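Below is one structure, written out as structure tokens; comments come after it.
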Amino acid sequence: GGFPFRSSTEVSSGATRIVSSSGRLYRSLVRQTLPFHVVGVSHHTSPVEERERFAFSASEIASLLEDLKVVGLPGLLLSTCNRCELYWYGPEDGETWFRALARGRNPTPQLMVEHGLAAVRHLFKVSAGLDSQILGETEILGQVRRAYDAARAAGTTTHEMDLIFSAALAGGRRVRRE
């Protein structure tokens with residue numbers, strides 16, 4: 001009975017793989033490099049006067065998402081009173097797009113940039129309210145949900161982004177519940 005796995009793993013080509021009892025390697029389902037990114041301004045990087053320049057209305061967000069779609073950048077724009085962040089997936093350069101947007105609002109913004117698992121970790125912290133100015137505030141979860149819904153409606157998300165954002169929203173709900 002049970003699964004034909006040994007309890008050992010082995011490192012091959014930089015990825016940890018489960019080894020079957022016959023010694024054959026199973027393909028790893030965990031990506032070693034994750035092309036998920038975030039760039040933005042927040043209460044950590046900019047004073048409130050600068051952050052206010054990045055507050056977008058729903059119609060402005062829709063227009064910016066359309067711009068993302070035109071340039072072929074799968075992304076999501078989270079705009080709240082304490083942050084404005086672009087999340088994107090893939091090899092495309094969303095940082096340049098966001099810097100161009102930022103220059104129009106502030107000539108020298110201090111930007112936060114994260115890539116790969118650090119970007120995923122950041123999203124989870126934001127969704128859980130752990131990266132808020134008031135630790136544990138609950139409004140951010142709804143703001144992340146609305147940003148995600150707007151990006152899906154605009155057609156600027158990918159399957160991978162759907163998985164990441166769904167997990168982050170579920171994590172945020174769990175933190176709020178417990």
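The values are calculated or read from the model by the stated rules, or taken from the named source; none is laboratory data. All values reported here derive from a predicted model rather than from experimental measurement. Counting neighbours? That spans all protein chains shown, and the Cβs are built from the backbone with ideal geometry, glycine included.
Applying a threshold of 6 Å to beta carbon distances and a minimum spacing of six or more residues, or different chains, the list of pairs starting in the stretch 94-120 at a residue that is aromatic (Phe, Trp, Tyr) and ending at one that is surrounded by 14 or more Cβ atoms within 10 Å (Cβ to Cβ) and not in a loop (DSSP other than H, G, I, E, B) reads Phe98/Val39; Phe98/Leu86. When the test is whether a residue is under 16 Å from Leu78 (Cβ atoms), of a type outside the set (A, V, I, L, M, F, W, C), within 13 Å of the chain's Cα centre (by Cα) and surrounded by fewer than 16 Cβ atoms within 10 Å (Cβ to Cβ), Asp162 passes it. Of the numbered criteria (1) within 25 Å of Gly129 (Cα to Cα); (2) buried (at least 16 other Cβ atoms within 10 Å of the Cβ), the one Arg53 fails is (2).
Looking across the stretch 131-171, the residues that are among the β-branched types (Val, Ile, Thr) and in contact (Cβ under 8 Å) with a residue 40 or more places away in the chain come down to Ile140, Val144, Thr156, Thr157, Thr158, Ile164. Every listed requirement among (1) assigned to a loop (DSSP other than H, G, I, E, B); (2) out of contact with any helix residue (DSSP H, G or I) (no Cβ under 9 Å at 6 or more places or on another chain); (3) not small (Gly, Ala, Ser) is met by Glu160 save one, (1). Per the listing Ala128, Ala118, the residue uniquely crowded, with 20+ Cβ neighbours inside 10 Å and among the hydrophobic types (A, V, I, L, M, F, W, C) is Ala128. Val113 satisfies every condition listed in (1) closer than 21 Å to Asp67 by Cβ; (2) in a strand (DSSP E or B); (3) touching a Lys or Arg at 6+ places or on another chain (Cβ under 9 Å) except (3). For Glu85, state whether it is of a type outside the set (A, V, I, L, M, F, W, C), in contact with a helix residue (DSSP H, G or I) (Cβ under 9 Å, 6 or more places away or on another chain) and without any contact (Cβ under 8 Å) to a residue 24 or more places away in the chain. No; evaluated as a whole, the condition is false for this residue.
Please tell me if Glu85 is more than 17 Å from Phe54 (Cα to Cα), at pLDDT 95 or above and either among the charged types (D, E, K, R) or not in a helix (DSSP H, G or I) (or both). No; evaluated as a whole, the condition is false for this residue.
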